[in-house]
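Heads up, the thing below is written out as structure tokens.
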Amino acid sequence: MKYIFYIITVFFLVSCHDMDLNPLAEGSTETWYSTETELVMSINDLYRNPFWPLTQGNGDGGDDAWTDDWMYREALTPITGATITSEWGLANTTYWLNSYKAITRCNTLLSNLSRSADKISGQMLVRYEAEVRFIRACQYAKLVFYFGDVIFYTEPLTDISEAFAMGRTSKASVLPEIYKDFDFAAENLPVTYGTALQRATKGAAYAMKARTALCEGDYATAKAAAKACMDLGVYKLHPDFSSLFLTSTKQSDEFVFVLPRSVEFKLTLSIQDVTPRNAGGWGAWSPTWELFCSFLCTDGFPIDESPLYDPQNPFRNRDPRCTATIIEFETPHLGFMYQPHPDSLEVMNFNTGRKQKNNDTRSNAQFASFNGLLWKKGVDNTWLLNGWQVDPAKLIVRYADVLLMYAEAKIESNDIDQSVLDAINQVRARAYGVSYTQTDKYPAVTTTGQAQLRTILRTERRMEFAFEGRRYTDIIRWRIAEKVLNLPNYGMLDPAELREKIVNKGLWFFPETPPIDEDGVADFSIMYNKGLIKKITQRSFDKSRQYLWPIPAKDILINSNLTQNPNY
């Protein structure tokens with residue numbers, strides 16, 4: 001909090017001085033916000049990357065690293081290792097401090113809009129207000145999800161003592177205020193900008209309100225907001241699932257709210273951990289076996305129920321998103337054949353047309369993927385350029401999420417009708433490259449049972465949004481984190497034992513088919529107890545505290561009115 005109030009001091013306390021410290025040729029809080037250019041510059045600042053932490057990896061794997069979809073060799077995160085403390089830097093700075101920086105700037109902007117009233121039309125001022133309120137709502141929504149009750153203010157704070165006296169406002173009281181901001185934004189933002197501009201829109205306001213409501217179990221609000229976004233009629237699913245995530249896809253009708261990245265302006269992802277070792281990467285970040293096993297077979301059944309599944313050929317007859325997300329064995333990827341088999345000591349280098357040493361098998365490289373799997377989603381040859389910096393769009397929310405949020409809200413409300421099936425089937429059919437009405441060409445969902453649909457919906461989300469940072473919020477709001485994050489990360493046996501127990505007995509890649517439960521979670525304990533696979537790490541999740549993050553310790557120390565979340 002002391003950093004938040006330092007910002008506040010810079011914004012406001014200068015005006016208390018008697019001297020004229022505001023030369024007309026330079027910006028200051030005394031004169032700023034007086035022109036449209038200054039307003040737009042200030043609003044643009046609110047779209048900066050630090051205010052929108054998310055997804056696909058920026059050195060630590062992003063939100064996915066906190067889940068059962070992600071594995072980084074033997075490493076654990078503070079979440080998957082249950083070592084979160086009130087001094088955890090990522091929570092303290094990236095989520096708490098930066099959110100309040102954005103909120104403070106939003107409040108300052110809103111209180112000063114009138115300065116430019118004589119230079120900007122009233123309609124444009126309202127639009128700018130809507131944009132700022134949208135951003136403020138997103139920041140508060142993030143805070144209440146991770147921290148619960150939060151410090152809440154909507155006006156500039158002009159005195160340090162006022163700031164130090166603030167306590168936490170209940171989430172139940174903050175949520176309606178978040179909704180008000182989203183509603184104002186939805187009413188006053190344009191549906192589109194008619195250009196390539198990627199800014200907050202009416203649809204983004206509806207979608208983010210739906211996400212916020214769904215995270216808080218407010219299914220009626222989530223359903224209405226998602227439906228309002230759908231009814232705008234401006235969004236549709238990208239025709240090809242795989243190409244949606246490539247760096248070449250800068251615009252898509254599926255994008256509801258995204259932020260651009262740019263190699264030119266050094267706003268990128270750093271992704272060497274994702275790429276295979278043969279291509280010069282480190283092959284360190286892996287999809288887990290649990291994620292791999294969650295992809296349904298092409299008949300719509302999980303692998304433990306489908307007669308189409310063969311554990312020795314585990315990529316065959318799977319939902320197309322499986323091989324779009326995870327590199328299939330013995331297929332070309334980034335110029336090399338990918339094959340982690342312990343006897344594949346050489347592989348084809350398609351760049352040279354010759355075989356070379358295979359650094360993607362642990363027989364040759366100790367730190368090749370510990371479970372044989374590597375990410376493919378969104379990865380193409382551009383990932384080998386620009387010093388391992390890439391610039392795909394930062395996906396905050398896309399239309400597939402809106403459809404599945406709508407379906408989930410209806411399912412949880414037990415308000416199940418054809419629109420629920422249509423929403424899920426649109427997403428599933430797109431993966432197969434067909435229309436959802438072509439029910440003979442993909443495994444369409446037809447059941448109307450609530451329990452069955454809940455399982456289907458959760459599995460669909462996992463297949464659809466892997467490597468996009470959505471899994472963590474899902475397992476937290478579904479209250480299954482205590483289950484899935486207390487399971488081990490499993491991987492292959494070491495090469496010599498792998499040959500003896502698996503390869504020589506014809507059991508490569510999976511020696512058996514693991515059972516899958518109602519939450520779509522695979523049970524590898526049977527194989528492990530037989531000595532057929534290896535435990536890499538033991539994840540941990542403390543349900544007594546980890547569903548909320550701790551309030552930063554330094555803020556508790558300087559503000560006696562702040563209380564800590566339980567068991568921190």
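The values are calculated or read from the model by the stated rules, or taken from the named source; none is laboratory data. This structure is a prediction, so every number in the text was calculated from the model and none was measured. For neighbour counting, all protein chains shown are included, and Cβ atoms are generated from backbone atoms with ideal geometry for every residue, glycine included. To get the accessible areas, we keep the full protein, side chains included, count just its heavy atoms, and leave off ligands, DNA and RNA. Shrake-Rupley method; radii C 1.70, N 1.55, O 1.52, S 1.80 Å.
Could we say that Thr221 is at pLDDT 95 or above, among the hydroxyl-bearing types (Ser, Thr, Tyr) and surrounded by 16 or more Cβ atoms within 10 Å (Cβ to Cβ) here? Taking the combined requirement at face value, the residue satisfies it. If you go through the stretch 361-390 and pick out every residue that is open to solvent by 10 Å² or more (accessible area, probe 1.4 Å), part of a helix (DSSP H, G or I) and in contact (Cβ under 8 Å) with a residue 24 or more places away in the chain, you end up with 5. Condition (residue is over 19 Å from the mean Cα position of the chain (by Cα), open to solvent by less than 40 Å² (accessible area, probe 1.4 Å) and either of a type outside the set (Val, Ile, Thr) or more than 22 Å from Asn565 (Cα to Cα) (or both)) applied to the stretch 233-246: is it met by at least one residue? Looking through the stretch 233-246, at least one residue is over 19 Å from the mean Cα position of the chain (by Cα), open to solvent by less than 40 Å² (accessible area, probe 1.4 Å) and either of a type outside the set (Val, Ile, Thr) or more than 22 Å from Asn565 (Cα to Cα) (or both). The residues of the stretch 149-178 that are within 26 Å of the chain's Cα centre (by Cα) and aromatic (Phe, Trp, Tyr) amount to a single one, Phe152.
So that you can scan it fast, the table gives a plain yes or no per residue for (1) modelled with pLDDT of 95 or more; (2) small (Gly, Ala, Ser); (3) more than 16 Å from Leu237 (Cα to Cα):
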| site | (1), (2), (3) |
| --- | --- |
| Leu373 | yes, no, yes |
| Asp415 | yes, no, yes |
| Thr437 | yes, no, no |
| Ala444 | yes, yes, yes |
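Just so you know, in the stretch 391-417 the residues that are more than 24 Å from the chain's Cα centre (by Cα) and of a type in the set (Asp, Glu) include one that is surrounded by the fewest Cβ atoms within 10 Å (Cβ to Cβ), and it is Asp417. Residues in the stretch 256-295 that are outside any loop (DSSP other than H, G, I, E, B) and among the hydrophobic types (A, V, I, L, M, F, W, C): Val256, Phe257, Val258, Leu259, Leu267, Leu269, Trp285, Trp289, Leu291, Phe292, Cys293.
Here is a yes/no grid of residues against (1) touching a Pro at 6+ places or on another chain (Cβ under 8 Å); (2) closer than 26 Å to Thr323 by Cβ:
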{"position": "Val191", "(1), (2)": "no, no"}
{"position": "Gly194", "(1), (2)": "no, no"}
{"position": "Ala204", "(1), (2)": "no, no"}
{"position": "Ala224", "(1), (2)": "no, no"}
{"position": "Leu267", "(1), (2)": "yes, no"}
{"position": "Gln272", "(1), (2)": "no, yes"}
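For the stretch 146-160, which residues satisfy the criterion of being touching an Asp or Glu at 6+ places or on another chain (Cβ under 8 Å) and among the aromatic types (Phe, Trp, Tyr)? Break it down stepwise before answering.
So the first thing to find is which residues in the stretch 146-160 are touching an Asp or Glu at 6+ places or on another chain (Cβ under 8 Å), and the list is 152, 154.
Answer for the stretch 146-160, where residues must be touching an Asp or Glu at 6+ places or on another chain (Cβ under 8 Å) and among the aromatic types (Phe, Trp, Tyr): just Phe152.
Six or more apart or on different chains, Cβ under 6 Å: which pairs go from a residue in the stretch 163-176 that's farther than 18 Å from Lys101 by Cα and small (Gly, Ala, Ser) to one that's surrounded by 12 or more Cβ atoms within 10 Å (Cβ to Cβ) and at pLDDT 95 or above? Could you list them? Partner pairs satisfying both residue conditions: Ser170/Asp149.
For the stretch 436-476, the set of residues classified as acidic (Asp, Glu) and either outside any helix (DSSP H, G or I) or surrounded by fewer than 21 Cβ atoms within 10 Å (Cβ to Cβ) (or both) consists of Asp440, Glu468, Asp474, listed by residue number.
Across the stretch 247-266, the qualifying residues are those that are among the acidic types (Asp, Glu) and in contact (Cβ under 8 Å) with a residue 40 or more places away in the chain, and the one among them that is most open to solvent (accessible area, probe 1.4 Å) is Asp253.
Those residues that are among the acidic types (Asp, Glu) and closer than 30 Å to Ser525 by Cβ, I need them from the stretch 251-291; list them, please. Correct list: Asp273, Glu290. The requirement of being assigned to a helix (DSSP H, G or I), open to solvent by 50 Å² or more (accessible area, probe 1.4 Å) and at pLDDT below 95 is fulfilled nowhere in the stretch 193-214; no residue meets it. Does Leu269 satisfy being open to solvent by less than 50 Å² (accessible area, probe 1.4 Å) and either at pLDDT below 95 or touching a strand residue (DSSP E or B) at 6+ places or on another chain (Cβ under 8 Å) (or both)? Criteria met by Leu269.
Counting only residues that are among the basic types (Lys, Arg) and either open to solvent by less than 20 Å² (accessible area, probe 1.4 Å) or assigned to a helix (DSSP H, G or I) (or both), how many does the stretch 477-486 have?
In the first step, residues of the stretch 477-486 are kept if they are among the basic types (Lys, Arg); the result is 477, 479, 483.
Within this subset, residues satisfying the condition of being either open to solvent by less than 20 Å² (accessible area, probe 1.4 Å) or assigned to a helix (DSSP H, G or I) (or both) are 477, 483.
Total satisfying the criteria: 2.
Can you confirm whether the stretch 219-236 contains a residue that is outside any helix (DSSP H, G or I) and among the polar types (S, T, N, Q)? No - not one qualifying residue is present in the stretch 219-236. Could you please find all residues in the stretch 320-337 being more than 27 Å from the chain's Cα centre (by Cα), crowded, with 18+ Cβ neighbours inside 10 Å and within 16 Å of Trp375 (Cβ to Cβ)? The answer is Phe336, and nothing else.
The residues listed here are Asp440, Asp474; of these, the one that is without any contact (Cβ under 8 Å) to a residue 40 or more places away in the chain and within 15 Å of Met405 (Cβ to Cβ) is Asp474.
Table: residues versus (1) in contact with a Pro (Cβ under 6 Å, 6 or more places away or on another chain); (2) within 30 Å of Lys171 (Cβ to Cβ); (3) open to solvent by 60 Å² or more (accessible area, probe 1.4 Å).
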{"residue": "Pro488", "(1), (2), (3)": "no, no, no"}
{"residue": "Ala496", "(1), (2), (3)": "no, no, yes"}
{"residue": "Asn504", "(1), (2), (3)": "no, no, yes"}
{"residue": "Phe509", "(1), (2), (3)": "yes, no, no"}
{"residue": "Asp519", "(1), (2), (3)": "no, yes, no"}
{"residue": "Phe524", "(1), (2), (3)": "yes, no, no"}
{"residue": "Tyr528", "(1), (2), (3)": "no, no, yes"}
{"residue": "Arg539", "(1), (2), (3)": "no, yes, no"}
{"residue": "Tyr547", "(1), (2), (3)": "no, yes, no"}
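Going through the stretch 551-568 one residue at a time, which ones are in contact (Cβ under 8 Å) with a residue 40 or more places away in the chain and in a helix (DSSP H, G or I)? Steps first, please.
From the stretch 551-568, those in contact (Cβ under 8 Å) with a residue 40 or more places away in the chain are 551-556, 558-559, 561-565, 568; that's our starting set.
Result: Ala553, Lys554, Asp555, Ile556, Ile558.
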